[in-house]
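Quick one: this structure, given as C-alpha cells, is what I'll be asking you about.
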Amino acid sequence: MRLALPLRLALAAAVLAAAALGGPGISPALARPRPARAAAPTVPVVVDGSQPGRAIEPGYLGLSFEAAALGQIVRLGQHGDLVGLLRSVGPGLMRFGGITADENVGWTDAQTPPPPWATSVIDPAELDALGTLARRTGWHVLLTVGLAHYEPLPAAREVAAAHRALGPYLAAVEIGNEPDSLGRHGYRALPWLAQGYEEEVASYREAIAALTPGVAIAGPDVSGSGLFAGWGEAEALAQVPALLTGHHYPLGCAQTPPPSIEALLSVATRHREAGSLSAYLKVSRTSGIPLRIDETNSVSCGGVPGISDTFASALWATAYTTQVIAAGAQGLNLQGNPTNCPGYTPLCAPTPAALAAGALSARPDWYALLITRSLAGSRPLLGRIETSPAPNLVAQPFVAPDGDIQTVLVDDEPPQAGPLVLRLHVGAGYRTATVLRLTAPSPSATADVELGGHVVARDGSLPAPRAIERHAVHGGVVKIVLPPSSAALVSTGPPRRHARAR
C-alpha cells in the first residue's frame with residue numbers, strides 16, 4: 001500500500017499541466033462533497049488577506065489528561081520519552097482534569113488525610129515532580145480541583161502546593177470538571193443550575209485566595225457548547241475568570257447512527273463544529289475573556305477503536321485545530337490516556353513493559369500537533385474555495401510575522417475519490433512554496449502515519465523531509481496536488497521587498 005500514494009501523486013502531476021481552471025462561482029468551503037472524482041479536478045483556493053485575525057498566542061496546542069494520571073505522567077517525564085516528545089511540539093499547555101478530578105482523586109498532605117471516597121490521591125511530591133516536568137519542557141499546567149465532593153479547604157491547600165511547585169508554570173486552576181453534569185450524576189440535587197455552581201465556586205475562590213492570592217481561575221469547563229449561553233455567561237459575570245473553558249467531542253460513543261470515520265470527516269460534522277465554536281466564542285467576545293477548548297477528541301467515552309486510533313483522527317484533529325484557532329479561541333487540548341492505545345490518545349505505551357520503561361508511541365493524533373506547531377504568532381486569513389460543488393476540503397491560510405503565507409490543507413474525501421489539483425492564489429510578490437505532507441496508507445490505518453515522509457522517533461524527533469518539496473509561484477498562484485485522505489502545510493514566501501512596502 002505504500003506505493004499507492006506516490007503513484008497517485010505521479011499520475012496527478014502528469015495531469016497538472018493540462019488541468020484547466022475550474023469554472024467560476026463561489027461555493028462555501030463547507031459545501032456538500034461530491035461522492036467521487038472521476039479525474040483530478042482543478043480547485044481554485046483564494047487567500048484573502050484583507051482582514052487578518054488576531055495573532056495566535058504561544059501555547060495554543062495542548063494535551064489533556066485525567067487527574068488520576070498525573071502521577072503516571074510525571075513518572076514518564078522522569079525516565080521516559082515524554083520530555084523529548086513535548087519539546088518537539090514546542091511550549092504547550094498540559095491540563096489535568098476529567099471525570100476523575102471530581103469523582104475519584106483527592107488531595108492529601110501533612111494537614112489533610114486522604115478522603116475516604118478517593119481511589120487515588122495527589123500529594124505535594126507529585127506536584128513538585130510536575131513542576132520539574134514543566135520547567136524541563138516549557139509546558140504550562142491547567143489544574144482541576146474537585147467539586148463533586150464539596151471540600152473548599154483541601155482544594156485550596158492543593159492549589160497552594162501547586163503554586164509553590166509550579167510557580168509561573170501554573171497557568172490557571174479549574175474548579176470542577178463538567179460541573180453541569182453533577183446533578184445528572186447524583187452529586188447535586190436537581191434542578192442543578194449555573195447559579196448553584198457559581199455560589200459554590202465563590203466559596204472555593206475565597207478559600208483559595210486566603211492561602212494563595214492572585215491565582216488565575218478558569219471555568220466553567222462545561223461538557224459542551226449547548227450550555228454555554230447560560231453557564232458561560234454566569235461564569236463570566238460572577239467570577240470574571242482569566243479563561244473560559246469548555247469541551248467538545250464531535251461524535252458520541254452511544255449515538256445513533258453509531259460513530260464512523262465517514263461521520264468524523266464529514267462536512268456536516270464541520271458545520272456543527274463551526275456552530276459550537278460560535279456559541280462558545282459569542283460569550284468570549286461579549287465578556288472580553290479568552291476561550292480555550294480544554295478537552296477534545298474524536299469520540300466521547302475514551303474513543304472507539306477503528307476510529308479514534310486511526311489516521312482519520314489525525315485528519316480530523318488537524319482540521320479542528322485550525323478551525324479553533326482561526327475562529328479566535330486561545331487553543332485546544334487533545335484528551336488522551338497513555339494506557340489506552342485503542343482509544344483516542346496522542347501518545348501511549350502499547351504494552352505494560354513499554355509503559356514501565358517510559359517508551360511512548362506517537363499515535364495518529366500526535367501528528368496533528370506536529371503539522372500545526374509552526375503557527376504561533378501567525379494571524380488567520382480567509383480562504384475561499386471557489387468551485388462548485390466544493391470538495392470535502394479544508395483550506396485555512398495564516399500569515400506569519402515575516403509575511404509568509406502558511407496554508408493548512410485537509411482533503412477528507414475517501415481514497416477512491418482521487419487527487420485534487422489546487423490552484424492556491426496567495427497574491428503578488430511570492431516566489432516559492434514548500435509543502436509538508438501528512439499521509440498514511442488509508443484513513444483507517446493505525447500505523448505508518450508519516451509527516452514529511454517520516455514517522456516520529458521514540459525521542460520525539462522528526463527527521464527533515466526526505467526531499468524538500470518546492471513549487472514555483474507564478475502570477476501569485478501555486479499549483480499543489482493533494483491526494484484524498486491527506487493533509488499538507490503549504491508555506492509560501494518570501495514576499496519581495498516591494499510587496500512588503502505596499
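The values are calculated or read from the model by the stated rules, or taken from the named source; none is laboratory data. If you're wondering where the values come from, they're calculated on a predicted model, not measured in any experiment. Methodologically, a virtual Cβ is constructed for each residue, glycine included, from the backbone with ideal geometry; neighbour enumeration extends over all protein chains shown. To get the accessible areas, we keep the full protein, side chains included, count just its heavy atoms, and leave off ligands, DNA and RNA. Shrake-Rupley method; radii C 1.70, N 1.55, O 1.52, S 1.80 Å.
Conditions tested, residue by residue: (1) among the polar types (S, T, N, Q); (2) surrounded by 24 or more Cβ atoms within 10 Å (Cβ to Cβ).
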| position | (1), (2) |
| --- | --- |
| ASP294 | no, yes |
| ASN297 | yes, yes |
| GLY302 | no, no |
| ALA312 | no, yes |
| LEU315 | no, yes |
| ILE325 | no, yes |
| ASN340 | yes, no |
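GLU233 fails exactly one of the following numbered conditions: (1) acidic (Asp, Glu); (2) under 22 Å from VAL173 (Cα atoms); (3) open to solvent by less than 20 Å² (accessible area, probe 1.4 Å). What is the number of that condition?
(3)
Can you tell me which of (1) among the small types (Gly, Ala, Ser); (2) modelled with pLDDT of 90 or more; (3) in contact with a strand residue (DSSP E or B) (Cβ under 8 Å, 6 or more places away or on another chain); (4) within 26 Å of ARG87 (Cβ to Cβ) is the one ALA447 doesn't meet?
Going through (1) among the small types (Gly, Ala, Ser); (2) modelled with pLDDT of 90 or more; (3) in contact with a strand residue (DSSP E or B) (Cβ under 8 Å, 6 or more places away or on another chain); (4) within 26 Å of ARG87 (Cβ to Cβ) one by one, ALA447 breaks only (3).
Failed condition for GLY167, given (1) closer than 28 Å to ALA202 by Cβ; (2) surrounded by 21 or more Cβ atoms within 10 Å (Cβ to Cβ), with all others met?
Among (1) closer than 28 Å to ALA202 by Cβ; (2) surrounded by 21 or more Cβ atoms within 10 Å (Cβ to Cβ), GLY167 violates only (2).
When region 107-126 is examined, which residues are found to be touching a Phe, Trp or Tyr at 6+ places or on another chain (Cβ under 9 Å) and buried (at least 23 other Cβ atoms within 10 Å of the Cβ)? Please lay out each step first, then the result.
First, pick out the residues of region 107-126 that are touching a Phe, Trp or Tyr at 6+ places or on another chain (Cβ under 9 Å): 114-115, 118, 121-123.
Of everything in region 107-126, just one residue is touching a Phe, Trp or Tyr at 6+ places or on another chain (Cβ under 9 Å) and buried (at least 23 other Cβ atoms within 10 Å of the Cβ), namely ILE122.
Those residues that are assigned to a strand (DSSP E or B) and either β-branched (Val, Ile, Thr) or within 27 Å of ALA359 (Cα to Cα) (or both), I need them from region 94-114; list them, please. First the steps, then the outcome.
First, the residues of region 94-114 that are assigned to a strand (DSSP E or B): 94-97, 105-107, 109, 112.
Listed by number, the residues that qualify are MET94, ARG95, PHE96, GLY97, VAL105, THR112.
Need the failing condition index for GLU199 against (1) part of a loop (DSSP other than H, G, I, E, B); (2) free of Cβ contacts under 8 Å to residues at least 12 places away in the same chain, just the number.
Looking at each condition in turn, GLU199 falls short on (1).
Which residues, taken from region 239-262, are surrounded by fewer than 17 Cβ atoms within 10 Å (Cβ to Cβ), out of contact with any strand residue (DSSP E or B) (no Cβ under 6 Å at 6 or more places or on another chain) and more than 26 Å from LEU166 (Cβ to Cβ)?
Step one: filter region 239-262 for residues surrounded by fewer than 17 Cβ atoms within 10 Å (Cβ to Cβ), giving 240, 242, 252-258, 260, 262.
Adding the requirement that they be out of contact with any strand residue (DSSP E or B) (no Cβ under 6 Å at 6 or more places or on another chain) leaves 240, 252, 254-258, 260, 262.
Passing the criteria: GLY252, ALA254, GLN255, THR256, PRO257, PRO258, SER260, GLU262.
Same structure again: Tell me which helices (runs of 4 or more DSSP H) are completely within region 226-343 and hold 2 or more residues being within 29 Å of PRO484 (Cβ to Cβ) and of a type outside the set (D, E, K, R), or say none if there are none. Full working, then the answer.
On the way: elements: 228-238, 261-264, 267-287, 311-327.
Where helices (runs of 4 or more DSSP H) fall fully within region 226-343 and carry at least 2 residues being within 29 Å of PRO484 (Cβ to Cβ) and of a type outside the set (D, E, K, R), they are 261-264, 267-287, 311-327.
Condition first: open to solvent by 40 Å² or more (accessible area, probe 1.4 Å) and under 15 Å from HIS163 (Cβ atoms). Now tell me which residues in region 194-227 satisfy that.
ARG205, ALA209, ALA210, LEU211, PRO213, GLY214
Against the condition out of contact with any Leu (no Cβ under 8 Å at 6 or more places or on another chain), within 30 Å of SER374 (Cα to Cα), in a loop (DSSP other than H, G, I, E, B) and not polar (S, T, N, Q), how does PRO91 come out, does it pass? If you could, list the steps in order and put the result at the bottom.
On the way: out of contact with any Leu (no Cβ under 8 Å at 6 or more places or on another chain): yes; within 30 Å of SER374 (Cα to Cα): yes; in a loop (DSSP other than H, G, I, E, B): yes; not polar (S, T, N, Q): yes.
Judged against the criteria, PRO91 is a match.
Out of the residues in region 147-164 that are in a helix (DSSP H, G or I) and not aliphatic (A, V, I, L, M), state the one that is surrounded by the most Cβ atoms within 10 Å (Cβ to Cβ).
Let us first name the residues in region 147-164 that are in a helix (DSSP H, G or I), namely 152-164.
The next check asks that each one be not aliphatic (A, V, I, L, M); those that pass are 152, 154, 157-158, 163-164.
Numbers: PRO152: 20, PRO154: 20, ARG157: 23, GLU158: 27, HIS163: 21, ARG164: 14.
Applying the filter and picking the extreme gives GLU158.
Okay, next question. Out of all the residues in region 398-417, which are open to solvent by less than 10 Å² (accessible area, probe 1.4 Å) and either closer than 16 Å to VAL481 by Cβ or among the hydroxyl-bearing types (Ser, Thr, Tyr) (or both)?
Scanning region 398-417 gives THR407, LEU409, VAL410, ASP411, GLU413, ALA417.
Right, another one. Report, by residue number, each residue of region 366-379 that is open to solvent by less than 10 Å² (accessible area, probe 1.4 Å) and outside any helix (DSSP H, G or I).
Within region 366-379, THR372, SER378 qualify.
Going through TYR344, TYR320 one at a time, which residue ends up being among the hydroxyl-bearing types (Ser, Thr, Tyr), open to solvent by 10 Å² or more (accessible area, probe 1.4 Å) and on the phi < 0 side of the Ramachandran plot? So that I can check it myself, show each step before the final result.
Numbers: TYR320 fails: open to solvent by 10 Å² or more (accessible area, probe 1.4 Å).
Answer to the check: TYR344.
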